[in-house]
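The values are calculated or read from the model by the stated rules, or taken from the named source; none is laboratory data. A quick note: this is a predicted structure, and the numbers were derived from the prediction, not measured. Counting neighbours? That spans all protein chains shown, and the Cβs are built from the backbone with ideal geometry, glycine included.
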Amino acid sequence: MFEIDGKTYELKYNLKRIEMIENATGSPTMAEMQKNKGMLGISQLKTYVAFGLKEQCADTLVDVKKGMKMAEALLENEGYIAINGAVLTALERDCPFFFLGA
């Protein structure tokens, strides 16, 4: 969870969101995870955050354009390792289909 401007946000993913992220980045999620041992590039990481951010207890996700700005601020304030780890944790929690049979 992240606090931005006094509001608490979390990352939430589902199959549709992953498809949108893969279309935006031009790269399959699992290919990137395996190729780079789970370490996403900065632009990819911002995309994963922007497409997955939602205010805690809200039903809707943050607008992607706003999410990109928020992702950049989170990277600068929290650091790359913390944000990348949060994305990976959320992916594992929300998208177990990536890890079936592993």
Exercise. Out of (1) at negative phi; (2) modelled with pLDDT under 95, what's the single condition that is false for LYS69?
Worked result: (2)
Exercise. Quick one: would you say ASN77 is within 18 Å of PHE98 (Cα to Cα) and either assigned to a helix (DSSP H, G or I) or among the small types (Gly, Ala, Ser) (or both)?
Worked result: no
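Hey, can you tell me all the residues within segment 90-99 that are surrounded by fewer than 17 Cβ atoms within 10 Å (Cβ to Cβ) and touching a residue at least 24 places away in the same chain (Cβ under 8 Å)? Can you show your working first?
Let us first name the residues in segment 90-99 that are surrounded by fewer than 17 Cβ atoms within 10 Å (Cβ to Cβ), namely 92-93, 95-99.
Across segment 90-99, the qualifying residues are CYS95, PHE97, PHE98.
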Problem set entry | Number of the condition not met by LEU53 [criteria: (1) in contact with a strand residue (DSSP E or B) (Cβ under 9 Å, 6 or more places away or on another chain); (2) free of Cβ contacts under 8 Å to residues at least 24 places away in the same chain; (3) among the hydrophobic types (A, V, I, L, M, F, W, C)] | (2)
